[in-house]
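Taking it in order: structure first as structure tokens, then the write-up.
The values are calculated or read from the model by the stated rules, or taken from the named source; none is laboratory data. Predicted model, so just to flag it, every value in this text is computed and none were measured. Because the Cβ atoms are built from the backbone with ideal geometry, glycine has one as well, and the counts that use them run over all protein chains shown.
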Amino acid sequence: MSTFEQKYSALYETIYAEKDYHREVECIKEMLVEHSSKAKTIINFGCGTGKHDVLLAELGFRITGVDRSHEMLKIAKNKQHSGNPNFLHVDESDRIADGSMEASLCLFDVFSYFTEDSDIDYFFDFINKKGNSSCPLIFDFWYLPAVIHLKPETRKKTFHIGNSKITRVCEPSMEVSTSCVNATHQFFLEDKTGIETFSETHRMRCFTKNEIRLILHQYGFELKTLGTWGNPTKEPDLNDWSVLAYASRKN
């Protein structure tokens, strides 16, 4: 199924205007320091509209953001300044020198979009090829124990752009057999000319800590910490829908 098409991408930054990107990039910097990483060159897989990337560049990192969505990348590229960050489609990955990245990121629950094992294979093949031998991985994902406990529920949000009123209704359904949530986002765009509607369905895979540990081990990584953006080293609980992991290369 297609996600982050033109209409959704155009609304993306408005939908998530309250997300604290500044705090998250400070957290990334702190985690790298805490784990004695001297990384300055970072690849961000699933960069979206590039907000994390721009803020990390302002902190002195050299950032390459890659994404599958041409529409999201169009928005990200409007934020480029003097080549840092640099934004590329995944099909342009040959422009990134193998072994040149010193840290890798996969943020805003992009890891949960890897609903098939082949998606996970592709991701780790990519970062293992582009990262150097000590390249750590920082990523967040939907935490299965919390998703089961809190239960996906229908949510509605209304916001405004100029004279337009936009309503988003998110209707999720849980697939227990696959640990996936199918979240259908229905949009209603209302202005003086009438109402326009469109929808996208985003399929999200949820993981336990043990699953993540095994996946990381399979691809040459070791889970060092699992927490949240609020506290990266405190074990998540049943109220933490999205959790944050730091993984290092196995010796």
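Annotations
- Condition check for Leu107 on (1) at negative phi; (2) modelled with pLDDT of 95 or more; (3) not assigned by TED's automatic domain parsing to the domain that holds Ile212; (4) not hydroxyl-bearing (Ser, Thr, Tyr): one failure, at (3).
- Applying the criterion of being within 18 Å of the chain's Cα centre (by Cα) and among the aliphatic types (A, V, I, L, M) to the residues of region 224-251, the residue that is nearest to Phe126 (Cα to Cα) is Ala247.
- Here Thr49 meets each of (1) more than 27 Å from Asn182 (Cβ to Cβ); (2) under 13 Å from the mean Cα position of the chain (by Cα) with one exception, condition (1).
- Hits in region 139-172 (condition: closer than 15 Å to Ser242 by Cβ and either touching a residue at least 60 places away in the same chain (Cβ under 8 Å) or loosely packed, with under 11 Cβ neighbours inside 10 Å (or both)): Phe139, Asp140, Phe141, Trp142, Tyr143, Leu144, Pro145, Ala146, Val147, His149, Leu150
- Selection status of Lys192, among the charged types (D, E, K, R) and at pLDDT below 95: yes
- Note on region 221-251: among residues that are touching a Cys at 6+ places or on another chain (Cβ under 7 Å) and assigned to a loop (DSSP other than H, G, I, E, B), the one that is nearest to His22 (Cα to Cα) is Trp229.
- On inspection, Glu200 qualifies as in contact with a Ser or Thr (Cβ under 6 Å, 6 or more places away or on another chain), under 21 Å from Phe45 (Cβ atoms) and in a strand (DSSP E or B).
- Filter pass, Ser36 being in a loop (DSSP other than H, G, I, E, B) and of a type in the set (S, T, N, Q): yes
- Test for Ile138: is it assigned to a helix (DSSP H, G or I), modelled with pLDDT of 95 or more and in the same structural domain as Tyr12 (by TED's automatic domain parsing): no
- Boolean, Ser112 is surrounded by fewer than 19 Cβ atoms within 10 Å (Cβ to Cβ), of a type in the set (S, T, N, Q) and modelled with pLDDT of 95 or more: no
- Residue list for region 8-40, restricted to those being exposed (fewer than 12 other Cβ atoms within 10 Å of the Cβ), more than 17 Å from Arg62 (Cα to Cα) and hydrophobic (A, V, I, L, M, F, W, C): Ala17
- Scanning region 68-91 for residues that are surrounded by fewer than 16 Cβ atoms within 10 Å (Cβ to Cβ) and not charged (D, E, K, R) returns His70, Asn78, His81, Ser82, Gly83, His89, Val90.
- Residue match in region 59-71 (condition: touching a Leu at 6+ places or on another chain (Cβ under 8 Å) and among the hydrophobic types (A, V, I, L, M, F, W, C)): yes
- Leading residue by the ranking (nearest to Ala146 (Cα to Cα)) among those in region 173-232 that are of a type in the set (Phe, Trp, Tyr) and touching a residue at least 60 places away in the same chain (Cβ under 8 Å): Phe207
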